Amino acid sequence: MDAERQIGAPEWLILAGTSSFILVLAVSAYSEADIRWLHFIQAWMYVVTIVLSFRENRWGYFIGVSAAGLWDYANVFATSFLLNGLKELSRWIHTAHLERPDLLIALPAWLSNFLVVAGCLWAYSRERTKPHSDLARFLIAFALTTGFFALDMALFQPRYLAIFPRMLHPHLP
C-alpha cells in the first residue's frame, strides 16, 4: 500500500459486503447440508477479493466485481431467488409471520454482493492509472471466476448449472 493511501470507504464496503455474504453462505449451508461444500468453495472467491483488494491489487477488484456481479445478475435475471425473498419479506410484513426464512436470506445476500461490486468499482476508480489492458484483465478475471463458480457447481450441486443458460437469455422473473 502506498504510504499516502489509507484504507478507506471502498475497502470497508468490500469488507462489509464480502463478510456479510460469507456469513449468508454459512447460515445457508448450516440450514441445508447438501450445499455446504458448494458454499464453502464459493466463499473462497470472496476471501481472495478481500485479500487482494486490501493489498490494492486490481485483480481483487476484478474478481470481486465478477463474482458478486455475476451472483446479483443471476438472481435478478436467471432465478427467482431474489424475487421470492422480496415476496417473503412482503408476506412477513403483512402477516407478522415468517414462513420461509430460507427465502428471506436472498435479500442480505443480494445486498451484500451489491456492496462488493460498489466497493470494488469505487476502489478501482481511485487507481491513478487505468491502462487499456485492464479491460483484458477484467475479462480474464470474469471468465476464470465464472469458470470457478461453474466447476464448484458441477462438483457439488450440478442441479444449479441450469442457471448458466438462463443467464445468456436474461429476463425478469
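The values are calculated or read from the model by the stated rules, or taken from the named source; none is laboratory data. Predicted, not measured: the structure shown is a model, and the values here were computed from it. Cβ atoms come from the backbone with ideal geometry, glycine included; neighbour counts cover every protein chain shown. Keep in mind that these areas ignore ligands, DNA and RNA; they rest on the heavy atoms of the full protein, side chains included. Shrake-Rupley method; radii C 1.70, N 1.55, O 1.52, S 1.80 Å.
Open to solvent by 50 Å² or more (accessible area, probe 1.4 Å) and of a type in the set (S, T, N, Q), is that true of GLN6? Steps first, answer last, please.
Numbers: open to solvent by 50 Å² or more (accessible area, probe 1.4 Å): yes; of a type in the set (S, T, N, Q): yes.
So GLN6 fits the description; yes.
Determine whether the range 122-133 contains at least one residue that is in contact with a helix residue (DSSP H, G or I) (Cβ under 7 Å, 6 or more places away or on another chain), surrounded by 17 or more Cβ atoms within 10 Å (Cβ to Cβ) and modelled with pLDDT of 95 or more.
Yes: one or more hits.
So is TRP110 open to solvent by 30 Å² or more (accessible area, probe 1.4 Å), in contact (Cβ under 8 Å) with a residue 40 or more places away in the chain, in a helix (DSSP H, G or I) and under 22 Å from THR146 (Cα atoms) or not?
Taking the combined requirement at face value, the residue does not satisfy it.
Give just the number: which of (1) open to solvent by 70 Å² or more (accessible area, probe 1.4 Å); (2) modelled with pLDDT of 95 or more; (3) more than 14 Å from TRP12 (Cα to Cα) does ARG100 not satisfy?
Looking at each condition in turn, ARG100 falls short on (2).
Report the residue count in the range 48-97 for those that are open to solvent by 60 Å² or more (accessible area, probe 1.4 Å), modelled with pLDDT under 95 and under 14 Å from PHE164 (Cα atoms).
Number satisfying all stated conditions: 1.
Quick one: which residue in ALA136, ALA118 is surrounded by 11 or more Cβ atoms within 10 Å (Cβ to Cβ) and either among the aliphatic types (A, V, I, L, M) or assigned to a loop (DSSP other than H, G, I, E, B) (or both)?
ALA118
Can you tell me which residues in the range 24-33 are free of Cβ contacts under 8 Å to residues at least 40 places away in the same chain and surrounded by fewer than 18 Cβ atoms within 10 Å (Cβ to Cβ)?
If the condition is that a residue be free of Cβ contacts under 8 Å to residues at least 40 places away in the same chain and surrounded by fewer than 18 Cβ atoms within 10 Å (Cβ to Cβ), then ALA26, TYR30, ALA33 are the ones that fit.
Report, ordered by the first and then the second residue, all pairs with beta carbons closer than 9 Å, sequence separation of six or more or different chains, a first member in the range 56-67 that is in a helix (DSSP H, G or I), and a second member that is open to solvent by 30 Å² or more (accessible area, probe 1.4 Å) and of a type in the set (Lys, Arg).
ARG58/LYS130; ARG58/ARG137; TRP59/ARG137; PHE62/ARG137
Exactly one of these conditions fails for SER28: (1) of a type outside the set (Asp, Glu); (2) farther than 18 Å from LEU111 by Cβ; (3) touching an Asp or Glu at 6+ places or on another chain (Cβ under 9 Å). Give me its number.
Failed condition: (2).
Within the range 34-47, how many residues turn out to be in contact (Cβ under 8 Å) with a residue 24 or more places away in the chain and open to solvent by 10 Å² or more (accessible area, probe 1.4 Å)?
Residues in the range 34-47 being in contact (Cβ under 8 Å) with a residue 24 or more places away in the chain and open to solvent by 10 Å² or more (accessible area, probe 1.4 Å): 5 in total.
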